[in-house]
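Below is one structure, written out as structure tokens; comments come after it.
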Amino acid sequence: MLEAELLERIVSDLDFLKKKILSIEETIEDIDNDLHHVKPEYIRKLESIKKEGTISSSDFEKKFGVRL
């Protein structure tokens with residue numbers, strides 16, 4: 001009887017570990033999906049915007065031809 005109980009405990013522990021591994025894999029996949037790689041050209045554009053500072057909506061419209 002002791003051997004059967006031990007085997008049941010091992011099976012139970014393995015099921016628990018399988019569930020935990022699946023949970024960890026799902027979490028990693030969620031984190032990976034949330035990460036966005038920024039293209040270098042976008043970083044350069046953002047840096048140039050940061051250097052220029054903010055502008056008024058009328059200046060923006062004059063510069064880019066788009067009304068805000």
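The values are calculated or read from the model by the stated rules, or taken from the named source; none is laboratory data. All values derive from a computational prediction rather than experimental measurement. Virtual Cβ from ideal backbone geometry, glycine too; neighbours counted across all protein chains shown.
If you check Ile49, Ile21, Ile28, Ile43 for being out of contact with any Lys or Arg (no Cβ under 6 Å at 6 or more places or on another chain) and modelled with pLDDT of 95 or more, only one passes: Ile21.
Of all residues in segment 1-39, those being surrounded by fewer than 10 Cβ atoms within 10 Å (Cβ to Cβ) and of a type in the set (Val, Ile, Thr) number 2. Name the single residue that is modelled with the highest pLDDT among those in segment 31-40 being part of a helix (DSSP H, G or I) and not polar (S, T, N, Q). Restricting to residues being part of a helix (DSSP H, G or I) and not polar (S, T, N, Q), the top hit is Ile31.
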